[in-house]
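Submitted below is the structure of interest, expressed as structure tokens.
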Amino acid sequence: PDVQFNKSLTQQMITEYENTQSLIEDAPIWNNDCFKIMGKKWSGFGDYKNINEVLVSFLSEVRKGDYVAINAFIPRNSRNENLVAKLREKIILKTKTPTTLGFGPRFLHSTGQLHKGGANTGVFIEITQDPQKDNNIPGETMTFGILERAQALGDFKALQERGRRIIRI
């Protein structure tokens, strides 16, 4: 039901990029040398030494009947699939909660509808990274990496505006 909402937010991001040659991203609520966390601070948010402490604290938001969704806007290759699968296993063990895993932007049109249009029972971890290799989109002023980041930012904002519990790493 909310596919168009996400598309509209993504289009706003793209238009913003075309006008300014940059995507506006929220300031991190936590960061270190390797990671930045974006989102709204949650109950119990504090000073953390590492990403593990941040994730454990964020996952304390999981309640009975919830699920955890990992939305990975990173290259889908065997290395990343293995790393995200390990993260998923640790989340299942920690929370005793069902999880979903989707590689973006592919999942947006399917489970993305559940995320934004279904009951507010999802706890979302969106993972992005700067592209290591990027290609221009023929006839456009942006690269595929910029397009994918705009889609991730649009999805993040759509989930936030729906009152979902979400962080972006």
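The values are calculated or read from the model by the stated rules, or taken from the named source; none is laboratory data. Computed from a predicted structure; not experimentally measured. Heads up, the Cβs are rebuilt from the backbone with ideal geometry, glycines too, and the neighbour counts pull from every protein chain shown. Surface accessibility is based on the protein's heavy atoms, side chains included, excluding ligands, DNA and RNA. Shrake-Rupley method; radii C 1.70, N 1.55, O 1.52, S 1.80 Å.
Going by the structure shown, is G112 crowded, with 17+ Cβ neighbours inside 10 Å, at pLDDT below 90 and under 23 Å from K36 (Cα atoms)?
Numbers: crowded, with 17+ Cβ neighbours inside 10 Å: yes; at pLDDT below 90: yes; under 23 Å from K36 (Cα atoms): no.
Taking the combined requirement at face value, the residue does not satisfy it.
One residue is enough: does segment 121-135 have a residue meeting the conditions farther than 23 Å from K36 by Cβ, at pLDDT 90 or above and surrounded by fewer than 12 Cβ atoms within 10 Å (Cβ to Cβ)?
yes
Go through segment 17-73 and report how many residues are open to solvent by less than 20 Å² (accessible area, probe 1.4 Å), closer than 21 Å to A150 by Cβ and part of a loop (DSSP other than H, G, I, E, B).
0
Same structure again: Within segment 8-31, how many residues turn out to be over 30 Å from G118 (Cα atoms) and under 18 Å from the mean Cα position of the chain (by Cα)?
So the first thing to find is which residues in segment 8-31 are over 30 Å from G118 (Cα atoms), and the list is 17-22, 31.
Those left that are additionally under 18 Å from the mean Cα position of the chain (by Cα): 31.
Here the count works out to 1.
Another question, then. Give segment 55-86 a look and list any residue that's without any contact (Cβ under 8 Å) to a residue 40 or more places away in the chain and under 17 Å from F35 (Cβ atoms), or say none.
If the condition is that a residue be without any contact (Cβ under 8 Å) to a residue 40 or more places away in the chain and under 17 Å from F35 (Cβ atoms), then V56, S57, N80, L83, K86 are the ones that fit.
Scan (1) assigned to a loop (DSSP other than H, G, I, E, B); (2) surrounded by 15 or more Cβ atoms within 10 Å (Cβ to Cβ) for the single condition K7 breaks and write down its number.
Failed condition: (1).
If we scan segment 145-167, do we find a residue that is part of a loop (DSSP other than H, G, I, E, B), hydrophobic (A, V, I, L, M, F, W, C) and open to solvent by less than 60 Å² (accessible area, probe 1.4 Å)?
In the first step, residues of segment 145-167 are kept if they are part of a loop (DSSP other than H, G, I, E, B); the result is 162-164.
Within this subset, residues satisfying the condition of being hydrophobic (A, V, I, L, M, F, W, C) are none.
The answer is no; no qualifying residue exists.
So which of F5, F45 ends up being touching a residue at least 40 places away in the same chain (Cβ under 8 Å) and either farther than 22 Å from F103 by Cβ or within 17 Å of the chain's Cα centre (by Cα) (or both)?
Values: F45 fails: touching a residue at least 40 places away in the same chain (Cβ under 8 Å).
It is F5.
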